[in-house]
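Participant: Handing you this structure, nothing more for now.
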Amino acid sequence: MANNPQSPNGNQDPASSTQMFRAFVDEGTRQPQTSTASGGGSRVGLIVGVVAAVVIVAAVAWLALG
């Protein structure tokens, strides 16, 4: 049989979702965030994605009208 953890109010949590959620929240508070490393990379990726989308839309429009 499975060992089901108990939630704080005494009810059983058969999926252990409360315990997993608390572990997730605790994990996020322990690690300091470095916004310079992750922010710069995502911004460059976003710009490249937008430029690529504009080029693709322009190419499709040129082919449709030409």
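We did not get these values from a lab; they are worked out from the coordinates using the rules stated. Note that the structure is a prediction, hence the values are computed from the model and not measured. We place every Cβ from the backbone using ideal geometry, glycine too, and count neighbours over all the protein chains shown.
Participant: What distance in nm separates the simple spin-label points at Ala58 and Arg43, each placed 7 Å from Cα in the Cβ direction?
Facilitator: Simple spin-label model gives 2.4 nm for this pair.
Participant: Taking 0.36 nm per residue of sequence separation and subtracting the Cα-Cα distance, how much length would be gained by fully extending the chain between Arg22 and Val50, in nm to one decimal?
Facilitator: Values: separation 28, 0.36 × 28 = 10.08 nm, distance 3.69 nm.
Difference between extended and current length: 6.4 nm.
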